[in-house]
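Participant: Right, I'll just put the structure down here and ask away after.
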Amino acid sequence: MDKVLIKMMQNDKETIYKVSSKQTLLAALYEIKETQNASLTFNAGCRASVCGTCAMRVNGREVLACAYKPKEGDFIEPLAYHTKVRDLKVDKRTTLDTLVKAKAWLHHYNETTQLTPKDEYLTERQSDCIMCESCYSACPVFAVNSNFIGPFALTRAYRYVEDRREKSTTYIIDAIQNNGVWDCTLCGECTIACPKGIDPKNDIVMLRTKSVQQGYSDPNFSFGFGTPDFGRDFGFDPSTG
Amino acid sequence: MLDVLVIGSGGAGLSAALAAKEAGAEHIAIASKFPPMQTQTTMAQGGMNAALGNLEKDHIALHIDDTLKAGRGLCDEEMVRLMCSEAPQSVAWLEKLGVPFSRIKTTENEALSTIAQRYLGGASVKRACYAQDYTGLKILHTLYDQTRKYNIIYLYEYFLLDLIVEDGYVRGVLFWDIAHGEVRTVIAKSVILATGGFGAMYHNHTTNMYGTSGDGIAAAFRAGAMISDMEFVQFHPTGLYGSNILISESARGEGGYLVDQKGERFVDELAPRDVVVHAIYEQMNKGNRIYLDLRHLGKEKLESLLPQELALIRLHENIDPVFEPIPIKPVVHYTMGGIDIDKTMEIPTIKGCFAVGECANSKVHGANRLGGNSLLEIIAFGRIVGENATNYTHYVREKSIDKDYAQRAKDDIDNIFVDVHKPSFYSLRQKLGECLYQNVGIIRDEFNLQQALQEVTLLQASLSKYGIGDSEFKHNQALTEYLELRNMLMLAPAFISAALVRQESRGAHYRKDYPKMNDKAFLKHIRLHYQGEMYG
Ligand SMILES: Cc1cc2nc3c(=O)[nH]c(=O)nc-3n(C[C@H](O)[C@H](O)[C@H](O)COP(=O)(O)OP(=O)(O)OC[C@H]3O[C@@H](n4cnc5c(N)ncnc54)[C@H](O)[C@@H]3O)c2cc1C
Ligand code: SF4
Ligand code: SF4
Ligand code: FES
């Protein structure tokens, strides 16, 4: 079996483990836990890429541990911008609350709508989301604004806005104005990070259009900027997105 | 004091909580040991049964018939009637909450009539409603969104330890708060157990996720509930050999072959699940390796028909199914037995405590569950139990509990921490899975079952010689997994005994030494009662 060395931070110390490259990272983590160090802490359930709990970062990129094969020298970290609780495990409570900020649910069911296959496709991709929060971890806005509603909650908001069974989309559109659609820099990092091929950036663009249709305008316009400019101090340049 | 405390955030738990809200309960909380979306329900792909008759002529009576037939005489007909007749309403309810069901074109003028349906094994017509490839996931997430809409409280990462029962009435629940590393007592007027099945007992031989360890069943058992039909464990013919990930029946439906290492076919691939499972098992017992061979279908067809499957196989088995046959084995998929409940889904010996979903035995599956009936059960009965539990609260007077139950639980946990660095308990989990798969598997007999009983009793007795290997109180994942194992080791002897007692073959339970169905002696449920110590 091909063995490779992977690194991670544990109790503030860099720790190195030897694992098989033929198995998934998740299987490797369990092997470490069962035979080398039982205190290694992470979250995982389905091992089949649907429960969304094993997302972490490898060499600075988000992956699902159950869908990634470790390579020599990989550096494993927990998701960014979450409260790290132990080793590779993060607290997802705050991030889940972004769904409440966005009021991302069906508000008033329209009894008379009859959905067609076309309507189904309108929300199919967005509802494929497994809530792994990779997109949140990849989004640079959280470095400057921890109150940002964030990519997956906005994707989900869009999923309900596009649902033809919703009688009135105003509740959701109203809810996503502050710290919402206009705070996104459209850098597209969320889209790159998503293991399910969802495109939160595009959903946010669509939500902006919907917002304008509902009478809202880009609050940043008054300063003469198309998108908020955080400068280059945060390690990214929004204008290249 | 809570009105309704729901334990488990799968489809059963979330439906129950929402139904409690609809029925007027004010203070509702949902506790789960994992983050809310990490449940078995997310893994269900196939669909949810309801006799809508959108694609083919169907009727509730036909659905009832199919279900009873699959259950081999062990279903409670009244409960099956209830579930099947609730099915269209349950789909309508989900539709109203926003579940993105797949659609068909239709000319009629009613929302439900556009929901697409597919065929699942054992059904006489196309009856399973689905949401693309992610039926369970999309149902669960929609339910979750609604719980947030109604501000239902989440007790995040609370591990159910034990029920608090006084004079036959449930008073509350003891939890291990995983994040803070403390025991918590939660008092509630009524409690709903929705903690899922125990497939994880077959560690390394199951499609179930880690943590499907029957904790709720074990807790109810300890608290005086009966458990029943535990011997009925459903196997799926095609799990990936190394990773146990499910390769759905569609691979065979599309023309895949089952072959041995010489490339010879040995069974009609489209025969019913149990027939295929038995044939594979017999081959494996002869020392043969079994493969699912898709090569003859050709690259193009495979890429277009089974893209997700191909990716999973390449990733997990390190082979390319376009050029190589796929190593498979039958794996545990669903557990039919569980907490014995009455027709209101209450536990007869624990007033105010209800159970629903895979942890409960509502007797709608009997000896064999039909594909698509589990999602239906968790939604239909989840709604009913939420309402029943709420109605129950009207008769409960506020009453504090006098004794400090938490102390005993604390002592118990402290004990586990006394010597954490003994040999790692994880080897026991492996052994348990191996022992059950070999001896309490698809084909059973007296000798194997006795052997298994002995072995699990030994494992149970030796548990105290092993340590969790992690001395932190907060976020101790090893502790959680240790508690799960302890529950599984507590249930294992019980369910093996049930398999020993049932000296016949019926549905998913096959005894080589008693290959025939014996209605005269065994057209009944085997109920078990726990007489041991609370903490063993
Ligand atoms: C791969 C796969 C595919 C399937 N496909 C289908 C299908 O197509 N159609 C169908 O009808 N059925 C299908 N099933 C079966 C179906 O998914 C399950 O039976 C059903 O989802 C069980 O739901 P539940 O709500 O009872 O439990 P679960 O969804 O398992 O939820 C259990 C909950 O209890 C919590 N819990 C457990 N123990 C504790 C504890 N000690 N303390 C606190 N909380 C606890 C868990 O955290 C979780 O939230 C499939 C199953 C699998 C494994
Ligand atoms: S596109 Fe917007 S939401 Fe996505 S990562 Fe960039 S800033 Fe964040
Ligand atoms: S949008 Fe993609 S990356 Fe973000 S939570 Fe959903 S599945 Fe994960
Ligand atoms: S373990 Fe469920 S997504 Fe990886």
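The values are calculated or read from the model by the stated rules, or taken from the named source; none is laboratory data. Note that the structure is predicted; figures quoted are calculated from it, not measured. So basically every Cβ, Gly included, is an ideal-geometry build from the backbone, and we count neighbours across all protein chains shown.
Participant: So which residues in segment B:457-485 are of a type in the set (A, V, I, L, M, F, W, C) and either surrounded by fewer than 21 Cβ atoms within 10 Å (Cβ to Cβ) or part of a helix (DSSP H, G or I) (or both), if there are any at all?
Facilitator: B:458, B:459, B:461, B:463, B:473, B:478, B:479, B:483, B:485
Participant: Within segment B:416-428, how many residues are more than 8 Å from chain A (Cβ to nearest Cβ) and closer than 30 Å to residue B:448 by Cα?
Facilitator: Residues flagged as more than 8 Å from chain A (Cβ to nearest Cβ) and closer than 30 Å to residue B:448 by Cα within segment B:416-428 amount to 3.
Participant: I would also like to ask the following. Considering (1) more than 30 Å from residue B:3 (Cα to Cα); (2) modelled with pLDDT of 95 or more, say which one residue B:413 fails and leave the rest.
Facilitator: Checking residue B:413 against (1) more than 30 Å from residue B:3 (Cα to Cα); (2) modelled with pLDDT of 95 or more, the one that fails is (1).
Participant: Can you list the helices (runs of 4 or more DSSP H) found entirely within segment B:191-294 that contain at least 2 residues being over 30 Å from residue B:174 (Cβ atoms)?
Facilitator: The helices (runs of 4 or more DSSP H) meeting that bar are B:250-253, B:273-285.
Participant: Which of the residues belonging to segment A:169-207 are out of contact with any helix residue (DSSP H, G or I) (no Cβ under 8 Å at 6 or more places or on another chain) and not charged (D, E, K, R)?
Facilitator: Residues satisfying the conditions are A:170, A:171, A:178, A:205.
Participant: Looking at segment B:297-310, is at least one residue of a type outside the set (Asp, Glu) and part of a strand (DSSP E or B)?
Facilitator: Scanning segment B:297-310, I find no residue that is of a type outside the set (Asp, Glu) and part of a strand (DSSP E or B), so the answer is no.
For (1) hydroxyl-bearing (Ser, Thr, Tyr); (2) more than 9 Å from chain A (Cβ to nearest Cβ); (3) buried (at least 24 other Cβ atoms within 10 Å of the Cβ), each residue gets a yes or a no:
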| residue | (1), (2), (3) |
| --- | --- |
| B:89 | no, yes, no |
| B:106 | yes, no, no |
| B:120 | no, yes, no |
| B:133 | no, no, no |
| B:152 | no, yes, no |
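Participant: A follow-up question, please. Do we find that residue B:167 is of a type in the set (Asp, Glu) and either in contact (Cβ under 8 Å) with a residue 12 or more places away in the chain or touching a strand residue (DSSP E or B) at 6+ places or on another chain (Cβ under 6 Å) (or both) in this structure?
Facilitator: When the stated conditions are applied, residue B:167 does not pass them.
Participant: Does residue B:167 satisfy being over 30 Å from residue B:397 (Cβ atoms), modelled with pLDDT under 95 and either among the hydroxyl-bearing types (Ser, Thr, Tyr) or surrounded by fewer than 19 Cβ atoms within 10 Å (Cβ to Cβ) (or both)?
Facilitator: The answer is no for residue B:167.
Participant: Would you mind stating whether residue B:185 is closer than 19 Å to residue A:27 by Cα and more than 16 Å from ligand 3 (Cβ to nearest atom)?
Facilitator: Judged against the criteria, residue B:185 is not a match.
Participant: Only residues that are on the phi > 0 side of the Ramachandran plot and more than 16 Å from ligand 1 (Cβ to nearest atom): list them for segment A:129-173, please.
Facilitator: Answer for segment A:129-173, where residues must be on the phi > 0 side of the Ramachandran plot and more than 16 Å from ligand 1 (Cβ to nearest atom): A:133, A:150.
Participant: Then there's this: Examine segment A:40-57 for a residue that is within 16 Å of ligand 2 (Cβ to nearest atom), farther than 30 Å from residue A:167 by Cβ and more than 7 Å from chain B (Cβ to nearest Cβ), and state whether such a residue exists.
Facilitator: Within segment A:40-57, one or more residues are within 16 Å of ligand 2 (Cβ to nearest atom), farther than 30 Å from residue A:167 by Cβ and more than 7 Å from chain B (Cβ to nearest Cβ).
Participant: Further question on the same structure: Let me confirm something: among B:358, B:398, B:377, which residue is over 16 Å from the mean Cα position of the chain (by Cα) and of a type outside the set (Val, Ile, Thr)?
Facilitator: Step by step, each of B:358, B:398, B:377 is checked, and only B:398 is over 16 Å from the mean Cα position of the chain (by Cα) and of a type outside the set (Val, Ile, Thr).
Participant: Shifting gears a bit: Filter segment B:495-535 for residues that are over 28 Å from residue B:282 (Cβ atoms) and in contact with a helix residue (DSSP H, G or I) (Cβ under 7 Å, 6 or more places away or on another chain); which is surrounded by the most Cβ atoms within 10 Å (Cβ to Cβ)?
Facilitator: B:528
Participant: Related question: Looking for something within 21 Å of the chain's Cα centre (by Cα), closer than 30 Å to residue B:172 by Cα and of a type in the set (Ser, Thr, Tyr) - is there at least one such residue anywhere in segment B:42-59?
Facilitator: The answer is yes; a qualifying residue exists.
Participant: While we're looking at this one, here's another question. Given the structure, is residue B:77 free of Cβ contacts under 8 Å to residues at least 24 places away in the same chain, more than 14 Å from chain A (Cβ to nearest Cβ) and touching a helix residue (DSSP H, G or I) at 6+ places or on another chain (Cβ under 9 Å)?
Facilitator: yes
Participant: Out of all the residues in segment B:55-86, which are touching a strand residue (DSSP E or B) at 6+ places or on another chain (Cβ under 8 Å) and of a type in the set (Gly, Ala, Ser)?
Facilitator: B:73
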